[in-house]
Each structure stands twice: as C-alpha cells, then as structure tokens.
Amino acid sequence: MRTLCGLLAAVTLVVGLAGVAEPGPLEYLPVGHWVYAALRQLAAAGLIGFDQIAQLPLTREEVSVLVAVAERHAAGGALSPGLRDLLTALRAEVPQPLEQGRRSRIGGRATLGADARTLHPARSGSSAGIGSGVGDGRWFVWGEVGTEAGSLTVPRAYLAARVGTVYLQAGREPLFWGPSPRTSLFLAGQPGDPGLLRFAVAFPRLRFSKFGARLTADPTRYLIGTRVDWQLNDRLRVGFAELVVAQPSPLLTYWILNPLPVLLTDALDVVQLMERVGTDDNPLGGVDVDYLLGPGRHLYGQLLIDDLSATMPNRVGGLLGLYLEDPFRTGRTSLRLEYSAVANWTYTDMSGLGNHYARNGRPLGYWLGNDADDLYLEITHVVSAQVAWTAWVSRTRHGEGRIGRPWTSPEEAWGNWWLSGVVETRYGAGLQYAGRQAGRETTSWAEVGHLVNRGNVPGAGGLDLRAGFQFSASW
C-alpha cells in the first residue's frame, strides 16, 4: 500500500500540475481544516445536524451541501455577526454549485513547529509538502508528497469516487471520529495512519461508514473500523463506534461485514468465537453524543471502552465538553470548556501478542495516549469572515503509560490504573491568529507552558515555549 500511495502521489502531481486549477467536488478537505470547526459552530447554532460532521474528512461536495442547508435555515431568522461571517467564509471556500466537469487542483502547504494542542507528544519538528488532484463529479485522485523530520513522506494520497449516495475512498488519509474539535478517543487524525479502504453513505439523519487498513506488516494486523451516527431529533445525535485489531483468520470476515458497531459484538460471545477459530483479536468500542441545550449551547461527550472487568481495572476513556456560542453577548466571541481522560493500558492488548491500537509508536486515538488527562478552556473571537483569534489555557497530565506492556499482577494493575509512576504535568497558555480567504489560510500561534516532571523524570521541568506557523494554499 505504501508503494501504491507513493506512485499515486507522483502521478497525480504530474497530471494535476498540467490541468486547470479549480476545486473538484470529490476532493476531501483534510482533518484539521478550518472548515470543520466552522461547521461545528453552525451545528451548535441549530443550523445543521451533527450526524454528518462526526466522521471526518468530508468531500467539498458534502461540505457544500451542509453550507446550503445552513443558509436555508439562516434565511428565516437573525444570526449573530460572527455566525454570518462564518457562513460567508464557508461559501467562499466551497462555492455552489460545484460543477461536474473535469477539474484539477494544485495545493501547497508548509508547517513550522509542532501543534501543541492536537499532536501526540512524540511528534515535533517541521514539515512541508505539496499536493495536487484531478477528477470530475464521479471520481477524484489526490497525491501529496512532503518532508517530515528530514524524511520524505506521503501524508495523503487517495482515489475517491461516488456511486449514488455512497462515497468510496482508497489510499492514505487520516481519519477523525467524534464531537470534539480538539481530540478524539477513537481516531484522532494522527499522522502516520495506514493506507485504507473506506466507504460512507449518508441518509436523512443517519450516516454510516466503514474502513479497513493493514496496521502492521510483520506480524500482519488489520484495523477494521465501523461507525454509525444517528440524529434522533433536532437536539440529539448519538454515535456508535467500533475498532478492531484483527489477525488473518475466518473471524476477519465477520469484522468486515458486521454492520452494527458495539451492539452486535456485545450480543454475540466474541471471545468464544475467537477461541473456536484460534485467533485473539482485540475489539474496542464506544459511544459519543451531541446535545443542544438550546441555540448556541452545545453539550457533547464521548465514552471509550477497551475492556470492562469485574476483577481487574477497566480500560476506558471519557470526554466531556461544553460550547457556548455567545456567552459575552458580543455576537462574535465563543467559549469552549473540555475535559478528557484515558485510563492506563487502554489501546493495548493484554495477551501480549501485539494487538495494539498504535502505529509507529503512537496511539491512533487520544493524542496523549493512555494514562493521561487534559483540561482545556478556549475563547475564539471572529473578527470578520477573513480573521479569527483564539486564546486558550490548559492543564495536561501524563503518567508513564503502559501501551504494549500487559500487567503482571493484580497489584500492579490496580496500583497503576491511572496517572501511574512519575506524572508529567504541563500548564499552558496560548494565542492563535487565523487568516483565511478562498483556498488560502495562514495560521500563527504561540504557547508558553510550565512543566513539572518533564518526560516523567522527577524534578525535571521549567518553561516550555512553543510556536508555529502554517500556510496552506490552493492555486
């Protein structure tokens, strides 16, 4: 798959650079694009449902449809100036209608520094890349090559197609599942995600997606994911998610075909099935919700269950957040408060056979891994359709962690269930500027932190200064 993604990227760059520079309907906007945070704000205002934005990424065509829905709902009532500017910016980014003729898109991006708010602590340094795509209303090919820490990478390369209401994708593309713009306990868009095959289908008030990917080559491990999001009414969305690290066996077919994440797996005696076929797969599941307390007041949460036990510590994670659209009555300033935590040994297999939810030493879910928590307060001020400022404070704690290391005794398990060993604590405060125009975004940010027990070393600490600049453009 890696060789195929590299070839796909190279061919697409050559073809796309020679084509007409216009957006294609089936181009996927990458995880982390500013459009998704804006869509969540529209959903919190009751202008669109949450069911279509809990599984990322989305195509430009899908985003354009959501913006059109928001515009129809906004036409019948008064909007705050900040929301109206967001709608203007979104429509400039995804114009309507997206024509169905042959299109190519050339894009470039450059990043300096590590994003302290969204990346796993193991990642640092700078990256840069350029990508290009070509296609029409039925298919689209994107290829992107770049550098990271001095090495050549292929961060994104895929073939996308649409058959009716079914969206298909094959290649390399980070995924994000859940209601929070900061993190996810299931899939958090961590770079280094493997090549995948994915499809998604959207119905009124319902979205279903499934993907499969090879997680490791030796020994062979596959990652199978299934997700259903259901908008029960105008206020409540419920999502069910399931991830499985599976070995080659007859049971692999069951994981691929299972249409009901969590529910059907719990209804069947999967442990007994695994014993019968001689495999030891590792399923993980959970649920997340979005609930509108009222227009502009959004409560959301996520629960992850890796393993529940009556005799040993449960391997679980949780997230709870509150978003207020206009708490200061400025019409442009929003507030977000969020807490997330993951217990020790989550994302790891207790058999010791290597069935872990990790790639290249980093978990595919929570950005801090397991044995950690994060308390976060964010204030965003939308100055205009082109400019927004964000300020934040955070407290992040991280124990020594046990990914890839099973417990050896009940005493060890209970004694190290959460925030084990020497705990690193980081207090941070930061400021970000975001400027955006159609097809172009510039982001600058800086954060100062105070570390206690840096790197889980007793007594180590001091100031931790981080800064970053990101420029992305399409032409």
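Things worth noting here:
- Test: residue in the stretch 425-439 that is among the charged types (D, E, K, R), touching a strand residue (DSSP E or B) at 6+ places or on another chain (Cβ under 8 Å) and closer than 29 Å to ASN314 by Cβ: yes
- For ASP349, the criteria (1) in contact with a Pro (Cβ under 7 Å, 6 or more places away or on another chain); (2) within 18 Å of PRO406 (Cα to Cα) hold in every case but one, which is (1).
- Boolean, PRO155 is modelled with pLDDT under 90 and surrounded by 20 or more Cβ atoms within 10 Å (Cβ to Cβ): yes
Yes/no matrix, rows are residues, columns are (1) within 25 Å of the chain's Cα centre (by Cα); (2) surrounded by fewer than 16 Cβ atoms within 10 Å (Cβ to Cβ); (3) not in a strand (DSSP E or B):
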residue: ASP374; (1), (2), (3): yes, no, no
residue: ARG397; (1), (2), (3): yes, no, no
residue: ARG402; (1), (2), (3): yes, no, yes
residue: GLU411; (1), (2), (3): no, yes, yes
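- Total residues in the stretch 426-464, condition within 24 Å of the chain's Cα centre (by Cα) and not basic (Lys, Arg): 19
- Lone qualifier among ALA385, ALA391 - being farther than 30 Å from MET312 by Cα and not in a strand (DSSP E or B): ALA385
- Enumerated strands (runs of 3 or more DSSP E) restricted to the stretch 192-246, each holding at least 1 residues that are in contact (Cβ under 8 Å) with a residue 24 or more places away in the chain, out of contact with any helix residue (DSSP H, G or I) (no Cβ under 7 Å at 6 or more places or on another chain) and closer than 17 Å to PRO283 by Cα: 206-216, 221-231, 236-246
- Cβ-Cβ contacts under 6 Å between residues 6 or more apart (or on different chains), taken from a first residue in the stretch 418-430 that is on the phi < 0 side of the Ramachandran plot to a second residue that is hydroxyl-bearing (Ser, Thr, Tyr), are listed as ARG426/THR396; GLY428/SER394.
- Test result for LEU431, out of contact with any Ser or Thr (no Cβ under 7 Å at 6 or more places or on another chain), at pLDDT 90 or above, of a type outside the set (Asp, Glu) and farther than 27 Å from ASN370 by Cβ: yes
- Subset of the stretch 1-40 that is touching a Gly at 6+ places or on another chain (Cβ under 8 Å), crowded, with 18+ Cβ neighbours inside 10 Å and in a helix (DSSP H, G or I) - its residue that is modelled with the highest pLDDT: CYS5
- Number of positions in the stretch 453-467 that are in a strand (DSSP E or B) and surrounded by fewer than 16 Cβ atoms within 10 Å (Cβ to Cβ): 5
- Restricted to the stretch 61-86, and to residues there that are free of Cβ contacts under 8 Å to residues at least 40 places away in the same chain and of a type in the set (Gly, Ala, Ser), the residue that is surrounded by the most Cβ atoms within 10 Å (Cβ to Cβ) is ALA70.
- Criterion (of a type outside the set (S, T, N, Q), modelled with pLDDT of 90 or more and farther than 18 Å from VAL228 by Cβ) met by exactly one of LEU185, LEU197, LEU175: LEU197
- Near pairs, Cβ below 6 angstrom, 6+ apart or cross-chain, from the stretch 435-453 (more than 13 Å from VAL35 (Cβ to Cβ)) to any residue that is among the charged types (D, E, K, R) and surrounded by 16 or more Cβ atoms within 10 Å (Cβ to Cβ): GLU447/ARG466; GLY449/ARG426; LEU451/ARG426; ASN453/GLU424
- Contacts under 8 angstrom Cβ, first residue in the stretch 25-38 being at positive phi, partner outside any helix (DSSP H, G or I) and surrounded by fewer than 19 Cβ atoms within 10 Å (Cβ to Cβ), 6 or more apart: GLY32/THR118
- When the stretch 303-359 is limited to residues that are among the hydrophobic types (A, V, I, L, M, F, W, C) and under 18 Å from ALA37 (Cα atoms), the one that is surrounded by the most Cβ atoms within 10 Å (Cβ to Cβ) turns out to be LEU319.
- The set of residues in the stretch 157-191 that are farther than 21 Å from LEU368 by Cα and either of a type in the set (Gly, Ala, Ser) or out of contact with any helix residue (DSSP H, G or I) (no Cβ under 8 Å at 6 or more places or on another chain) (or both) comprises ALA157, ALA160, ALA161, VAL163, GLY164, THR165, VAL166, LEU168, GLN169, ALA170, GLY171.
For every residue, the table says whether it meets (1) part of a loop (DSSP other than H, G, I, E, B); (2) in contact with a helix residue (DSSP H, G or I) (Cβ under 7 Å, 6 or more places away or on another chain); (3) of a type in the set (Gly, Ala, Ser); (4) modelled with pLDDT of 85 or more.
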position: ASP326; (1), (2), (3), (4): yes, no, no, yes
position: LEU337; (1), (2), (3), (4): no, no, no, yes
position: ALA341; (1), (2), (3), (4): no, no, yes, yes
position: THR346; (1), (2), (3), (4): yes, no, no, yes
position: ASP349; (1), (2), (3), (4): yes, no, no, no
position: GLY352; (1), (2), (3), (4): yes, no, yes, no
position: ASN355; (1), (2), (3), (4): yes, no, no, no
position: ASN370; (1), (2), (3), (4): yes, no, no, yes
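- The selection criterion, being under 19 Å from TRP177 (Cα atoms) and of a type in the set (A, V, I, L, M, F, W, C), holds for LEU320.
- THR396 being touching a Lys or Arg at 6+ places or on another chain (Cβ under 6 Å) and closer than 24 Å to TRP417 by Cα: yes
- Meets criteria (part of a helix (DSSP H, G or I) and over 18 Å from ALA44 (Cα atoms)) for GLU71: no
The values are calculated or read from the model by the stated rules, or taken from the named source; none is laboratory data. From a predicted model like this one, the values you see are computed outputs, not experimental measurements. Here the Cβ is made from the backbone with ideal geometry for all residues, glycine too, and neighbour counts use every protein chain on show.
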